[in-house]
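Chemist: Okay, handing you the structure first.
The values are calculated or read from the model by the stated rules, or taken from the named source; none is laboratory data. Worth saying up front: this structure is predicted, and the values here are computed from it rather than measured. Note that each Cβ is placed from the backbone with ideal geometry, even for glycine, and that neighbours are counted across all protein chains shown.
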Amino acid sequence: MLGGHYNWHLLLHREDAVACPFFMPEQRLESDWPFPQRLPLGAGWSGVCTAPGQDGARPSDVELKSACNVGYAKNCSRLPAVRHADAVRFAMGEERDGVLHVRFCCELAYLPAGHGELLYEKGTATWPKKHDDACVQRMAECYVQAQLARRAQP
């Protein structure tokens, strides 16, 4: 923590800390990840592809490990040529009065394409401030779930 705030800018610029913007995570994926806590969503997840024309497609285990969960999926056959983002990054901001500030950044061609802050109220397990994109919102939920579980460990 620097100056009372998490240094989330450094976290957002790690080359390996991104998730595919079309990946809709559904449940935690227990696998042989070397360091699952270092994955962009704080753990590995199974889910579906929501890219246009691919709705509901289930990525293979290989795709989940090499693309959906871990970064720029430029070799993915489902990735549309024209897209709003290549990747989404998350970072925990501060916690104030039981409200977690969750920051996100979307990237396109390795450049910022959008960013913002979501709010999660721990006491009620609700999101007073959600993302408009259901995929990004679900990724944020998975990220927070994994981070809170990790914080609860002794």
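Chemist: Test F90 against the stated conditions and say whether it is free of Cβ contacts under 8 Å to residues at least 12 places away in the same chain and either closer than 23 Å to V144 by Cβ or among the hydroxyl-bearing types (S, T, Y) (or both).
Modeler: Against the criterion (free of Cβ contacts under 8 Å to residues at least 12 places away in the same chain and either closer than 23 Å to V144 by Cβ or among the hydroxyl-bearing types (S, T, Y) (or both)), F90 does not qualify.
Chemist: Kindly check whether there is at least one residue in segment 30-39 that is closer than 19 Å to C105 by Cβ and either outside any loop (DSSP other than H, G, I, E, B) or touching a strand residue (DSSP E or B) at 6+ places or on another chain (Cβ under 7 Å) (or both).
Modeler: So far as segment 30-39 goes, yes, one or more of its residues are closer than 19 Å to C105 by Cβ and either outside any loop (DSSP other than H, G, I, E, B) or touching a strand residue (DSSP E or B) at 6+ places or on another chain (Cβ under 7 Å) (or both).
Chemist: Of the conditions (1) surrounded by 18 or more Cβ atoms within 10 Å (Cβ to Cβ); (2) farther than 13 Å from V18 by Cα; (3) of a type outside the set (G, A, S), L41 fails just one. Which one is it?
Modeler: Failing condition for L41: (2).
Chemist: To continue, here is another question. Given segment 64-154, what strands (runs of 3 or more DSSP E) lie entirely inside it while holding 1 or more residues that are within 19 Å of A51 (Cβ to Cβ)?
Modeler: Result: 87-96, 99-108, 111-121.
Chemist: Only residues that are of a type in the set (G, A, S), over 22 Å from H115 (Cα atoms) and part of a loop (DSSP other than H, G, I, E, B): list them for segment 44-63, please.
Modeler: G44, G53, G56, S60
Chemist: Still on this model: Quick check on segment 2-12. Is at least one of its residues in contact with a Cys (Cβ under 9 Å, 6 or more places away or on another chain), modelled with pLDDT under 90, aliphatic (A, V, I, L, M) and farther than 20 Å from Y143 by Cα?
Modeler: Checking segment 2-12: not a single residue is in contact with a Cys (Cβ under 9 Å, 6 or more places away or on another chain), modelled with pLDDT under 90, aliphatic (A, V, I, L, M) and farther than 20 Å from Y143 by Cα.
Chemist: Please count how many residues of segment 96-145 are under 16 Å from F22 (Cα atoms) and aliphatic (A, V, I, L, M).
Modeler: Within segment 96-145, residues that are under 16 Å from F22 (Cα atoms) and aliphatic (A, V, I, L, M) number 7.
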